[in-house]
Structure formats: structure tokens, C-alpha cells
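Shown next, in C-alpha cells, is the structure this report addresses.
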Amino acid sequence: MFSFNMFEPHVGRGFQNRFSAQYRCYSVSMLPGPNDRSDVDKGGKIIMPPSALDQLSRLNITYPMLFKLTNKNSDRMTHCGVLEFVADEGICYLPHWMMQNLLLEEGGLVQVESVNLMVATYSKFQPQSPDFLDITNPKAVLENALRNFACLTTGDVIAINYNEKVYELRVMETKPDKAVSIIECDMNVDFDAPLGYKEPERHMQHPEEPAEEETDPSNYDVDFGFRAFTGSGNRLDGKKKGIEPSPAPLDPSDIKRGIPNYEFKVGKITFIRNARQQPRRFDIDDMATNFIAFSGEGQSLRKKGRKP
């Protein structure tokens, strides 16, 4: 009869609570069944066989269950959670973006080990396309997408689905460790400039043009056209007191700059007068010949009826 403790001296106590197994991995699209499991691709959790649950229940592991996935052929690793235990024996199903990070092909071998991760306090992401800037509130979108994730690993490129479009983000930094748990945590999120993003070119401002030199207002031509309320008034009693006209102040719009005389010579005075069009005068003789007095027709306010 064999004792269950016969291997205890050869196995340390630290390995008793550790789960380790090797599976052949496939993408979620290969999962058999009529139900569409595309929701698994939108998160960071995998589907394992029922034997893994039976083995995990025998171990005194901490919850939530977190695992370290390692591809020994490419020396790539990442961390994840578990969604269900419904896969066939010896097989596990991974999101497509996770298989890309591990450089795994369909049916490749992956090592699955249980781990304990620290709770995240800070993370920094870099969008892999400038299209991510089209999202109005990227932090709210990322917070909603990370609800389907259990942990983050520095260097991974995760995929989130928003508005029927897939956005990829690289995990640039996580604190307090390179792999952290994001379940029930208060984590500060920051974004780096998207990959391929170019700052908009700033147009150089032209130097300010020098202000025009101040000219002497005496060189301006004053418009002496019609100006309202500039005449003098008369009193009914004939007195001259208080009827002196008060000139209205000049409006700057009335002052016009004159045209310089480029042919000016020292010692020569040139008078330039602006000829104004004279109003047309009517000849009195013509008016007398055309005028006929009382040539109009009269109108009566009351029309009298004719007598028969």
C-alpha cells in the first residue's frame, strides 16, 4: 500500500499550491458548439478543460484565479484569467490577440501556471493607430473594455472593440509590477501618443509690419460738404443774444488724405482746385414760353346730379 506523503520530502511546500499544465491552444473561433463566443475575443480570459478545475479545487490557491501563459519556443509570456472550464481535455482556447502576443499558431503548445499578482495602481497605454483619437471619451471606453480583463502585462498589445471597430493598444507601463491584477482596483490610466501620430504643423507667425509713420494732420484735405446743424439761429424777439452758431466737432471720417504732388519742385507753388459740377440753370425765356397759366383741370368734392 502506497502512502500519499511518500513524495513530500522531495517536493517543497512552495509547490503544493501551484498549478502547472501544458495544453494545445486554439483561437476562440475554433470552439465547437452552436453558440457564438466572440465575446471571449473582447477580453483577457481563456477557456480551460474541466480537469483543470478539478485540479485547482484540490489546491489551496488564492482567488481570483490568475495564470501565466508561456510559449517556450519563442520565450514569450503573458498573464490572463479564466472564463469557463468547458474545453476538451488537453485543449484551451485563447483570444486571438493573446495568441498573437505569444506567437502561437493553431494547435501550438502553451504552458499554463497559476500565479499571484499585485493589484494595479497605474497603467499607460499607447494606441497603435491614430484612429483612436476619433473616440470622444477614450478613458471611459477603455474602462468599460477592461471589465473583461483580469490582468495586464507590460509589453502586451491588447484589443478592445468599440463601435464595431477593433482598436489595439500596447501596455507601455504598469505599476507596481510588470504584471498586475485589475480586478476591483482603483487604477490611474494614462495614454501615450498613438503610433504613427504626427503633430500638426504650426505656421510661423509673420513679423508684425511696421506701423505707418504719423503724418501731420495739416496735410489732410477737409471735406467742406454738407454738415447738419452748423447754421445760425434767429430769435423771435430780434435779440442777438445766444444765437452764435456752435460748430460741431470734426468727425475723423471727414478728414481725407490728399494726393501728393510728385512733380513738386522747391520754389514753385502749384494751386490745384477741384472743379465741382455746377447745377443746371434754366433759361427764364424758355420757362415763359412753356408756361401756360390756369391750364389745369379742377375737381369737385361733391358731384351734382343733372336735372332732367
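The values are calculated or read from the model by the stated rules, or taken from the named source; none is laboratory data. As the structure is a computational prediction, the values presented were derived from the model and not from experiment. Here the Cβ is made from the backbone with ideal geometry for all residues, glycine too, and neighbour counts use every protein chain on show. Heads up: the accessible areas ignore ligands, DNA and RNA and are worked out on the full protein's heavy atoms, side chains in. Shrake-Rupley method; radii C 1.70, N 1.55, O 1.52, S 1.80 Å.
Could you tell me whether any residue of segment 110-120 is in contact (Cβ under 8 Å) with a residue 60 or more places away in the chain, open to solvent by less than 10 Å² (accessible area, probe 1.4 Å) and of a type in the set (Gly, Ala, Ser)? Among the residues of segment 110-120, at least one is in contact (Cβ under 8 Å) with a residue 60 or more places away in the chain, open to solvent by less than 10 Å² (accessible area, probe 1.4 Å) and of a type in the set (Gly, Ala, Ser), which makes the answer yes.
Listed here are the residues, each with its yes/no results for (1) open to solvent by 70 Å² or more (accessible area, probe 1.4 Å); (2) within 41 Å of the chain's Cα centre (by Cα).
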| site | (1), (2) |
| --- | --- |
| Ser27 | no, yes |
| Ser51 | no, no |
| Gln55 | yes, no |
| Tyr63 | yes, yes |
| Phe67 | no, yes |
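I need the full set of residues from segment 29-49 which are touching a residue at least 60 places away in the same chain (Cβ under 8 Å), in contact with a Ser or Thr (Cβ under 9 Å, 6 or more places away or on another chain) and open to solvent by 50 Å² or more (accessible area, probe 1.4 Å), in order please. If the condition is that a residue be touching a residue at least 60 places away in the same chain (Cβ under 8 Å), in contact with a Ser or Thr (Cβ under 9 Å, 6 or more places away or on another chain) and open to solvent by 50 Å² or more (accessible area, probe 1.4 Å), then Ser29, Asp41 are the ones that fit. Among the numbered conditions (1) in contact with a Lys or Arg (Cβ under 9 Å, 6 or more places away or on another chain); (2) modelled with pLDDT under 90, the only one that Asp190 does not meet is (2). Scanning segment 145-175 for residues that are open to solvent by less than 70 Å² (accessible area, probe 1.4 Å) and farther than 24 Å from Pro130 by Cα gives Ala150, Cys151.
Of the listed requirements (1) open to solvent by less than 90 Å² (accessible area, probe 1.4 Å); (2) of a type in the set (Lys, Arg); (3) touching a Ser or Thr at 6+ places or on another chain (Cβ under 7 Å), Lys178 misses just one: (1). Here Pro130 fulfils each of the conditions (1) in contact with a His (Cβ under 7 Å, 6 or more places away or on another chain); (2) farther than 22 Å from Lys45 by Cβ apart from (1). Applying the condition of being open to solvent by 10 Å² or more (accessible area, probe 1.4 Å) and among the polar types (S, T, N, Q) to segment 69-107 and asking which residue is farthest from the chain's Cα centre (by Cα) yields Asn73.
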